[in-house]
Amino acid sequence: MTSCPFGSHRVVTPAGALPQTAWRLDNTSELHPNEILCAVDVLNIDSASFKQIADACGHDERAIGDHIAATVRERGKQHNAVTGSGGMFVGRVTAIGSALAHRHDIFVGDRIASLVSLTLTPLVIDDVLNVDIATGRVWIRGTAILFESGLYARLPDDIPTDVALAILDVAGAPAQVRRLAQPGATVCVIGADGKSGLLSCAQAKERVGAAGRVIGIVPDAMTPGANLLRENDYVDALVVADAREALAVRAAVAGPMPGLADLVINCVNVPGTELASILCARDEGVVYFFSMCTSFTAAALGAEGAGKDVTMIIGNGYTKGHAATALQTLRDHPALLAFFTQRYAARPV
Ligand code: NAP
């Protein structure tokens with residue numbers, strides 16, 4: 001079969017699908033000329049998916065590992081059937097197909113992070129070594145295939161690998177904030193104390209400048225992330241509210257954000273927060289749904305029902321230059337780098 005740049009030659013079922021929408025992929029290690037084979041060390045399961053799996057497995061590490069291994073055995077990829085989301089991997093390049101041998105940005109032996117979803121990445125898990133419930137990471141022995149169209153980043157020398165892995169997973173968020181937030185604007189970040197939320201707040205603060213405002217919404221004011229936001233002035237105000245309760249959120253932001261937000265960034269890992277996001281945006285404002293729990297129907301019908309003329313953007317995992325922007329955000333903000341290093345680096349395997 002001809003090798004397709006998007007990897008359709010690896011689709012087992014259903015016929016005609018591309019790898020992301022396929023039910024099952026061929027995950028065998030026999031390399032096509034336009035593929036890259038990697039030995040995988042760590043999976044970073046995306047937050048919405050990991051929370052769903054952890055809840056279903058009673059937060060038991062062994063059960064979570066078994067659940068992920070079973071999914072990969074059944075589907076040839078880590079694709080959560082409930083949330084529809086995946087994550088990404090870190091590994092070492094072990095072979096490059098002959099049709100990609102001309103590439104100058106990747107060599108056998110390089111340590112890389114995949115920048116495409118595990119929902120479309122052929123994966124084999126030989127062994128699950130460790131599961132870290134606090135951060136959603138799973139150390140494995142296994143292999144993965146990157147397609148010709150697949151994105152990857154060589155891991156930087158100046159940032160710990162575990163930190164880079166955590167950051168690169170959500171790289172699309174700070175890069176989009178950089179693109180969408182205008183000087184003088186009011187930006188509201190929902191789920192502000194999580195990974196993507198923290199990076200988004202730091203980026204937003206830079207972009208809006210002294211004339212703008214950044215408002216963070218968190219479920220708990222006393223988390224380490226919330227403290228970091230306050231102590232470093234990454235937000236002008238922190239609102240404590242449950243984003244699933246749209247009216248309560250609207251009431252809570254009325255004081256710090258009377259004119260509502262020009263731009264709302266949704267970074268939560270639970271379902272049911274579309275309407276709160278929409279109600280935080282001013283008329284003709286923009287709502288960027290980075291969350292994998294976002295429902296198109298809830299957002300579309302919710303905005304219509306509330307009579308809100310807002311532009312809603314789906315959080316594309318890829319934005320040009322997103323990996324470099326995410327890593328640079330850490331370099332530019334030593335407090336953020338220290339926070340992520342403390343949280344993600346040097347965890348035992
Ligand atoms: P994270 O670090 O787990 O952060 C999630 C945040 O949501 C936390 O700050 C959490 O607060 C907050 N939160 C949870 N329930 C809430 C509620 N009811 N009200 C208000 N805030 C609430 O997650 P992440 O890694 O940044 O990822 C964020 C989202 O982006 C997830 O849905 C993830 O799956 C998705 N994602 C999207 C892409 C993409 O390409 N679009 C890529 C990767 C990930 P506490 O920590 O205080 O509970």
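For Pro219, all conditions in the list (1) within 9 Å of the ligand (Cβ to nearest atom); (2) buried (at least 18 other Cβ atoms within 10 Å of the Cβ); (3) under 21 Å from the mean Cα position of the chain (by Cα) hold save one; what is the number of the exception?
For Pro219, the exception is condition (2).
Which residues, counting only those in the stretch 192-204, are under 13 Å from Phe290 (Cα atoms) and touching a strand residue (DSSP E or B) at 6+ places or on another chain (Cβ under 7 Å)?
Ala192, Gly197, Ser200
Within the stretch 266-276, track down each residue that is within 18 Å of the chain's Cα centre (by Cα) and more than 10 Å from the ligand (Cβ to nearest atom).
Once the filter is applied, which keeps residues that are within 18 Å of the chain's Cα centre (by Cα) and more than 10 Å from the ligand (Cβ to nearest atom), the stretch 266-276 yields only Glu274.
With His322, His333 as the choices, which residue is closer than 19 Å to Gly194 by Cα, away from the ligand (no atom under 11 Å from the Cβ) and either surrounded by 23 or more Cβ atoms within 10 Å (Cβ to Cβ) or in contact (Cβ under 8 Å) with a residue 12 or more places away in the chain (or both)? So that I can check it myself, show each step before the final result.
Values: His322 fails: away from the ligand (no atom under 11 Å from the Cβ).
Going through His322, His333 in turn, the sole match is His333.
What's the number of the condition Tyr234 fails, among (1) crowded, with 20+ Cβ neighbours inside 10 Å; (2) outside any loop (DSSP other than H, G, I, E, B); (3) away from the ligand (no atom under 11 Å from the Cβ)?
(2)
Just one of (1) within 13 Å of the ligand (Cβ to nearest atom); (2) in a helix (DSSP H, G or I) trips up Asp193, so point out which.
Condition not satisfied by Asp193: (2).
Every residue in the stretch 15-47 that is in contact (Cβ under 8 Å) with a residue 12 or more places away in the chain and charged (D, E, K, R), please.
Matches in the stretch 15-47: Arg24, Asp26, Glu35, Asp41, Asp46.
Tell me, which residue of the stretch 69-101 that is in contact with a strand residue (DSSP E or B) (Cβ under 6 Å, 6 or more places away or on another chain) and among the β-branched types (Val, Ile, Thr) is surrounded by the fewest Cβ atoms within 10 Å (Cβ to Cβ)?
Filtering the stretch 69-101 for residues that are in contact with a strand residue (DSSP E or B) (Cβ under 6 Å, 6 or more places away or on another chain) and among the β-branched types (Val, Ile, Thr), the one surrounded by the fewest Cβ atoms within 10 Å (Cβ to Cβ) comes out as Thr94.
Leu118 passes all but one of (1) under 13 Å from the mean Cα position of the chain (by Cα); (2) among the hydrophobic types (A, V, I, L, M, F, W, C); (3) within 21 Å of Gly197 (Cα to Cα); which number fails?
(3)
Looking at this structure, is Ala181 within 9 Å of the ligand (Cβ to nearest atom), buried (at least 24 other Cβ atoms within 10 Å of the Cβ) and under 24 Å from Ala241 (Cβ atoms)?
no
Take residues that are of a type in the set (D, E, K, R) and under 17 Å from Ala175 (Cβ atoms) and tell me which of the helices (runs of 4 or more DSSP H) falling wholly in the stretch 241-346 contain 1 or more.
The qualifying helices (runs of 4 or more DSSP H) are 322-332.
All of the numbers you see were taken from the coordinates with simple rules; none came from a lab. Since we're looking at a predicted model, the values are computed, not measured. Neighbour counts run over all protein chains shown; Cβ positions are idealised from the backbone, glycine included.
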